[in-house]
Amino acid sequence: MSLYQYVKKNKMLTAVIAAYLVVTVLSPDKALASAKNSIYYLKEMLTVMPIIFVLTSLIETWIPRQIIIENLGDKSGAKGVVLSFALGSLSAGPIYAAFPICKALLAKGASVLNIVIILSSWAVIKVPMLINEVKFLGFNYMLVRWLLTTVSILLIAAATSLILKGSIPQRSSDASSGPIKVLSEYCISCGLCVDACSKYFTVQNGKVTLTSAPPAAADLANIKEIAEKCPAQAIILQDAT
Ligand code: SF4
C-alpha cells in the first residue's frame, strides 16, 4: 500500500498525527501534555474495548436479525423507543464503547431513530449518572434535567432519522435487487441459496452476491423461504409479507 493510499484510508489518524507534529513544533510542552492524555485514554480503551468487541461479536453472531428488526427496527414503534432508552440508560462504560455496539445493531436492522436514542441516553442519562445527580444537586434538579434531556433526545433522534432517511450507506459488500438484499459480510458460503435458486443468487470469492436478474413477484415466496433457511441470516427480503 502506497503512502497516498494509506493516508486516504486513514484520514482521521493522519489528521491527528499532523496536528501532533504542528503542536510539537509550536509548543512542545502542550504536545507532551497531549501525549500523556492520549496514553491515559489509550490505556482506558485497552481495558474496556475487548469486552465490547466480545459483546459486539455476540450480537452479530447470536441475536437473530429478525429479533433486532422487531424490537429496534423502523416499525418497532413505542416499544423500540422505550427499549432504546432502557438500553442506553442501563449501560455501563464510556460513550465510545457504544459505537461498535450500535454499528452492529444498525447492520442488523435497528433504525436510525433508535440508534440515536441509545447513543444519546448512553451519553447523558445513564442511571448511575442520575443517582449521582440526586446526591449532589437534588432530586428536583435531576428530574427536570432528565425530562428536558429525554424530550431533546427524542427530537434529535426524530430529526436525525428524517435527515438520514434512505442515506445510510450500504457496506461495499452488500447488494440489493428490488426487495432482496444480501449482507455478504455474514455469508458463510454454504451454497444453500445458490442451490435453491441460482437465478438470483451466486457466490463469488466465497461470498454471496446477487445476479442481475430482477426478482419476479412469483418467486418472492421461494426467496423468503431461502432467507429463513440461510444459516447466516445474510439474506433479507425487505417488506416481505
Ligand atoms: S444461504 Fe446464506 S450463508 Fe449460505 S451461501 Fe447463501 S447467503 Fe451465504
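Read-outs: derived from the displayed coordinates by stated rules, not from any lab. Bear in mind the structure is a predicted one, so any value in this text is a computation, not a measurement. Using ideal geometry, Cβ is built from the backbone for each residue, glycine included, and neighbour counts are taken over all protein chains shown.
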* Estimated [θ] at 222 nm from DSSP helical runs (n ≥ 4, -39500 (n - 2.57)) normalised by residues in the chain, nearest 500 -> -20500 deg cm²/dmol
* To do: Return the sequence-ordered ³J(HN,Hα) values of the range 156-162 in whole Hz as given by the Karplus equation 6.51 cos²θ - 1.76 cosθ + 1.60 applied to θ = phi - 60°, using x for Gly and Pro.
  => 5, 5, 5, 5, 4, 4, 5
* To do: Run the numbers on the chain and let me know its relative contact order in percent, using alpha-carbon pairs under 8 Å that are six or more apart.
  => 12 percent
* Give a residue-ordered list of calculated ³J(HN,Hα) values for the range 93-100 (Karplus: 6.51 cos²θ - 1.76 cosθ + 1.60, θ = phi - 60°; whole Hz; x for Gly, Pro). => x, x, 4, 5, 5, 6, 5, x
* To do: Report the calculated FRET efficiency for Y141 and L90 (r = Cβ-Cβ distance, R0 = 30 Å), to the nearest 0.05.
  => 0.90
* Structure fact -> If the chain between D29 and T14 were fully extended at 0.36 nm per residue, the gain over the current Cα-Cα distance would be 3.3 nm
* Asked: Of the cross-linked pairs K75/K103; K11/K207; K103/K207; K79/K135; K103/K135; K181/K229, which ones have a Cα-Cα span greater than 25 Å in the structure shown?
  -> K11/K207; K79/K135; K103/K135
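Compute the Cα gyration tensor for the chain, then decide on rounded, prolate or oblate, letting a ≥ b ≥ c be the square roots of its eigenvalues: rounded whenever a/c is under 1.5, prolate when a/b is larger than b/c in the other cases, and oblate in all that remain.
Judged from the Cα gyration tensor, the chain comes out oblate (a/c at least 1.5, b/c at or above a/b).
Would you work out the relative contact order for the range 174-237, in percent, from Cα pairs under 8 angstrom that are 6 or more residues apart? Before the final figure, lay out the partial values.
Values: 99 pairs, mean separation 25.5, N = 64.
The normalised contact order for the range 174-237 reaches 40 percent.
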* Potential extension, A218-L162 segment - 0.36 nm per residue separation minus Cα distance -> 16.8 nm
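State the extension gain, in nm to one decimal, for the chain segment bounded by S38 and V7, taking 0.36 nm per residue of separation less the distance between their alpha-carbons.
Additional length available on full extension: 9.1 nm.
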* To do: Considering Cα pairs under 8 angstrom that are at least six residues apart, work out the relative contact order of the range 29-142 and quote it in whole percent.
  => 27 percent
* Asked: Which angle from 0 to 90°, rounded to the nearest 10, does the C-alpha axis of helix 220-229 make with the longest principal axis of the chain?
  -> 60 degrees
* Stokes-Einstein D (µm²/s) once Rh is taken as the Kirkwood radius of the range 174-237 over alpha-carbon pairs, at 10 °C in 1.306 mPa s -> 141 µm²/s
